[in-house]
1. Shape of the stretch 1-119 from its Cα gyration tensor (a ≥ b ≥ c, root eigenvalues): rounded if a/c is under 1.5, otherwise prolate when a/b > b/c, or oblate?
2. What is the sum of charges around residue 235, taking Lys and Arg as +1, Asp and Glu as -1, for the other residues whose C-beta is under 13 Å from the C-beta of residue 235?
3. Go through the stretch 256-273 residue by residue and turn each phi into a ³J(HN,Hα) via Karplus (6.51, -1.76, 1.60, θ = phi - 60°); whole Hz please, and just put x for glycine and proline.
4. Report relative contact order for the chain in percent, whole number only (criteria: Cα-Cα under 8 Å, sequence separation at least 6).
5. Pull out a ≥ b ≥ c, the square roots of the eigenvalues of the alpha-carbon gyration tensor of the stretch 240-281, then state rounded if a/c is under 1.5, prolate if not and a/b is larger than b/c, and oblate in the remaining case.
6. Got a sec? Charge dipole of the chain, +1 on Cβ for Lys and Arg, -1 for Asp and Glu; which of 266, 87, 128 is way out at the positive end?
7. With a point put 7 Å past each Cα toward its Cβ, work out how far residue 89 is from residue 168 in nm, to one decimal.
8. In sequence order, what are the phi-derived ³J(HN,Hα) couplings for the stretch 75-91 according to the Karplus relation 6.51 cos²θ - 1.76 cosθ + 1.60 with θ = phi - 60°, rounded to whole Hz, with x for glycine and proline?
Amino acid sequence: MHDVDDARLDEAARAGWLYYIAGKTQDDIARTLNVSRPTAQRLVSLCRSEGLITFRMDHPVAECMQLAARLTERFALVHCDISPSDGSAETSFIGVAEAAATFIERTLRGQRALVIGLGTGRSMRASVERVTPMARPLHRLVSLVGNISPDGSAFPYDAMIKLAELTQAQYFPMPLPMHASSAAQRKLLLDIESVRRIFGMAAAADVWITGLSQIDEDCILYRDGFITRNELLDLIRLGAVGENVGRVFDANGRFLTKGTNTRITSVPAEVNGPKPRICVAHGAAKVPALRAALAGRIVNGLISDEATARAILKQ
């Protein structure tokens with residue numbers, strides 16, 4: 001077993017779980033893992049030869065995939081990947097970032113040229129930094145939210161440019177602040193022809209990969225200076241529990257029509273749409289926001305850790 005690297009064992013474990021426990025065909029496995037059918041066959045064989053499965057899966061991925069299956073059924077998800085967690089915030093962060101990087105790599109390996117919409121933030125940046133460099137120049141990457149901070153500086157956790165460097169893909173940044181100074185200025189900014197083209201491309205993107213954060217006293221938007229304390233308190237008063245690409249929503253998974261949403265310049269999500277809208281997020285503080293976003297169909301895919309998954313399913 002020590003002659004096979006951990007990433008290959010994880011792929012073999014996933015293939016084995018899908019084949020022996022979920023009852024999927026090798027064609028199904030190939031589509032899920034975005035590999036060829038012969039590769040899917042080899043992964044199933046590797047699962048057996050490495051002793052990962054006898055009458056049960058002898059690998060931490062097994063429990064995670066069961067949690068993913070329950071979340072998929074509960075929220076009708078198009079994709080769900082749950083990584084193991086040991087109670088440590090640091091290892092959970094790394095595990096989720098690795099799982100997200102694997103999903104991004106599978107997406108990039110596809111033969112069809114894709115348009116991929118990307119959010120920003122710590123989880124997104126950490127995920128992209130773990131992607132294996134590969135030449136995928138036919139893909140296009142488009143930003144879903146402006147990365148200019150209120151002081152005019154570039155947001156340090158932008159993910160798109162880093163992914164473009166790793167993949168040689170063409171990329172389209174959003175040359176805007178996250179929030180305009182007023183609703184009227186927002187309209188002027190979004191009427192710029194280049195911005196309209198980026199919005200159109202992002203709205204039609206084949207897949208979105210974004211982060212998500214909670215709205216509370218430790219709100220990332222407030223900590224990073226994108227909103228003021230008074231704006232934060234106003235959002236809490238309006239019932240906000242979370243944000244996705246800067247757009248704030250309530251406990252029912254509905255976007256607010258007041259507060260900072262009147263000035264947000266990010267691309268609006270297609271609620272309950274069929275295309276993959278994958279959220280990369282974990283942590284106890286984010287559970288209410290994640291549950292709301294999943295229930296409201298703001299996102300229809302999740303990459304998280306097992307502690308977060310259990311907490312989402314608990315209620």
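Computed from the coordinates by the stated procedures, all read-outs in this text should not be read as laboratory data. Because the structure is a prediction, the values reported are computed rather than measured. FYI the Cβ positions are ideal-geometry reconstructions off the backbone, even for glycines, and counts take in every protein chain you see.
1. Judged from the Cα gyration tensor, the stretch 1-119 comes out rounded (a/c under 1.5).
2. -1
3. 5, 9, 10, x, 5, 5, 6, 10, 5, 9, 6, 6, x, 6, 8, 5, 6, x
4. 18
5. Since a/c reaches 1.5 and a/b is larger than b/c, the shape of the stretch 240-281 is classed as prolate.
6. Positive-end residue among those listed: 266.
7. Modelled inter-label distance: 4.1 nm.
8. 10, 6, 7, 8, 7, 8, 9, 10, 9, x, 9, 10, x, 8, 4, 5, 5
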